[in-house]
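Report on one structure; see the data block that follows.
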Amino acid sequence: MYDLVIANGKVVTPGRVRNCSLGVRGEEIAILSEDKLEGKRTIDATGKVVLPGAIDPHVHLELPFQGTISADDFYQGTVAAAFGGVTSVIDFAIHGKDVDILDHIQARRELAEPKVVVDYSFHPSFTTETQQNLDYVQKLIELGMPTFKLFLPYKREGFHVGDGFLFKMLQETHRHNGLVLIHAENADVVEQLMQEQEARGKVSWMQHYDSRPNFVEGTSIATSIELAKAAGSALYVVHLSTEEGLNHLRQAQHQGYPIMMETCPQYLEFTKDVYAQEDGLNYIMTPPMRLKKDNEALWSGIERGDIPCMGTDHCPFSTEQKLLGRELFSKVPNGGMGVETLLPYMFSEGVNQGRISLSRLAQLLSENTAKIHGLQHKGSLEVGKDADIVIVDPQLKRTVTAEAMHSNSDYSLYEGRELTGWPVITISRGEVIVEEGELKAERGRGKFVERTISSELLNAAPQGGLA
Ligand code: URP
Ligand code: ZN
Ligand code: ZN
């Protein structure tokens with residue numbers, strides 16, 4: 001007798017979609033079988049797709065940023081995640097200039113612990129170029145946080161680090177089995193262009209795009225790849241938004257370097273035309289929305305498998321917060337929502353539009369994400385893995401509205417957009433946490449997950465380490 005049985009679903013396992021039943025014991029997947037299974041509770045998944053819970057490796061919950069704090073705290077952000085079929089999130093621990101990273105991580109865990117409803121972790125993020133931080137790399141990896149985020153832009157925000165420190169971090173992480181994640185933009189060029197745009201006063205929200213055009217991402221990615229090659233290390237680029245950046249990354253992958261990246265649904269969907277809209281400030285995030293040719297190039301990168309995983313950069317602000325920048329583009333807090341629509345968007349636009357298979361969807365949202373970010377017990381529907389499962393109705397049509405979503409933000413980037421293929425049940429470590437549109441999870445039930453990345457993945461060519 002299993003604690004929970006999911007019967008008769010189309011179950012997406014690594015490399016194979018099976019019509020079978022899945023049995024859960026305690027917090028883990030205990031069996032996958034074509035035979036009938038007995039369970040204390042049985043969920044009939046006839047006509048449904050059973051996927052591994054999605055993992056969002058890029059969220060910013062209650063992030064103090066640009067004069068305000070991102071609108072979703074660890075409770076509301078993880079509730080939104082749960083409704084979207086996301087069963088693990090990785091947030092960023094970005095320490096203040098005079099705050100020790102270990103103290104900051106401790107404080108952030110205390111903030112998160114009583115609130116989270118799905119499992120979580122942090123990417124330590126260094127904002128000072130000190131030997132002390134380099135020395136912390138090994139310790140942080142031992143503490144289960146092997147992914148280090150470096151912001152190459154954001155000089156004004158105090159997040160920026162330079163290429164010299166990036167190079168040292170690439171060397172240090174390579175020594176200890178860690179991975180550097182970069183937000184790739186050339187800081188000096190951005191600053192120069194921002195000043196030029198600011199001198200014009202308020203003209204249009206397009207000034208955000210004009211201060212961060214495609215080449216500032218492309219050039220930063222190109223330089224960072226060369227640094228990674230010289231350091232002999234792997235590299236991961238967050239929120240990839242341009243064809244230029246993708247071309248550099250693909251070239252390095254084809255040369256056999258362990259170069260990885262994520263993109264986000266917003267860079268597949270929107271173009272810079274949104275900045276011509278009156279509500280264009282709602283779309284101000286970094287990187288900005290790009291061009292049609294970038295949407296298409298990124299979709300091709302996903303279809304071919306060059307882009308192994310997806311994140312959302314979920315960092316919502318309310319209209320009131322966005323209006324802090326009503327007088328000037330550069331005063332608008334950068335960020336948008338996305339964790340709840342990640343899976344439905346990729347199901348609708350990816351699977352249902354025939355761009356990707358169910359297997360590729362599972363790789364993009366779970367399997368590859370777990371491998372790259374070192375969530376060893378998560379990411380796939382296999383015996384012994386955590387029973388993090390999402391049951392999706394592939395035909396269910398819903399229209400996105402801020403009201404129907406669970407973010408604290410009062411608008412959605414996808415407002416009015418009909419998507420087909422929505423989660424109907426979300427299960428985290430064997431516990432049903434969302435069902436029939438209702439939250440079943442206790443506040444604080446989520447656990448901190450210690451992560452370890454396999455050295456094969458960090459040293460192999462992408463094709464060798466990932467499906
Ligand atoms: O605009 C964004 N993306 N805000 C969050 C910080 C970052 O750059 O990821
Ligand atoms: Zn970023
Ligand atoms: Zn981000």
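Every read-out reported here was derived from the displayed coordinates using simple, explicitly stated rules and does not represent laboratory data. Nothing here was measured: the structure is a model prediction, and the numbers come from that model. All Cβ positions, glycine included, derive from the backbone under ideal geometry; neighbour counts span all protein chains shown.
If we keep just the residues of region 147-192 that are among the basic types (Lys, Arg) and within 16 Å of ligand 2 (Cβ to nearest atom), which is surrounded by the most Cβ atoms within 10 Å (Cβ to Cβ)?
Top of the filtered list is Lys149.
Mind checking which residues of region 219-238 are free of Cβ contacts under 8 Å to residues at least 40 places away in the same chain and either crowded, with 22+ Cβ neighbours inside 10 Å or within 16 Å of ligand 3 (Cβ to nearest atom) (or both)?
Once the filter is applied, which keeps residues that are free of Cβ contacts under 8 Å to residues at least 40 places away in the same chain and either crowded, with 22+ Cβ neighbours inside 10 Å or within 16 Å of ligand 3 (Cβ to nearest atom) (or both), region 219-238 yields Ile221, Ile225.
Of the residues Val339, Val332, which single one is over 20 Å from the mean Cα position of the chain (by Cα) and within 16 Å of ligand 2 (Cβ to nearest atom)?
Val332
Could you tell me how many of the residues in region 142-165 are within 16 Å of ligand 1 (Cβ to nearest atom) and either in contact with a helix residue (DSSP H, G or I) (Cβ under 7 Å, 6 or more places away or on another chain) or not basic (Lys, Arg) (or both)?
The qualifying residues number 13.
Consider Met289 carefully, then state whether it is within 16 Å of ligand 2 (Cβ to nearest atom) and in contact with a Cys (Cβ under 9 Å, 6 or more places away or on another chain).
no
Just to check your reading of the model, which residue among Ile31, Ile94, Ile43, Ile69 is within 16 Å of ligand 2 (Cβ to nearest atom) and β-branched (Val, Ile, Thr)?
Exactly one residue qualifies, and that residue is Ile94.
Being of a type in the set (Val, Ile, Thr) and in contact (Cβ under 8 Å) with a residue 60 or more places away in the chain is the filter here; which residues of region 38-68 pass it?
Ile43, Val49, Val50, Ile55, Val59, Thr68
Do you know which of the residues in region 382-412 that are within 30 Å of Thr173 (Cα to Cα) and buried (at least 16 other Cβ atoms within 10 Å of the Cβ) is nearest to the chain's Cα centre (by Cα)?
Per the stated criteria, the residue is Asp388.
Pick from Asp313, Asp306: which is among the acidic types (Asp, Glu) and within 12 Å of ligand 1 (Cβ to nearest atom)?
After ruling out the rest, the residue left standing is Asp313.
Are there any strands (runs of 3 or more DSSP E) wholly within region 1-80 with 3 or more residues that are of a type in the set (A, V, I, L, M, F, W, C), and if so which?
The qualifying strands (runs of 3 or more DSSP E) are 2-13, 16-25, 28-33, 49-52.
Quick check, is Arg355 assigned to a helix (DSSP H, G or I), away from ligand 2 (no atom under 16 Å from the Cβ), free of Cβ contacts under 8 Å to residues at least 60 places away in the same chain and basic (Lys, Arg)? Before the answer, list the steps.
Working: assigned to a helix (DSSP H, G or I): no; away from ligand 2 (no atom under 16 Å from the Cβ): yes; free of Cβ contacts under 8 Å to residues at least 60 places away in the same chain: yes; basic (Lys, Arg): yes.
No; evaluated as a whole, the condition is false for this residue.
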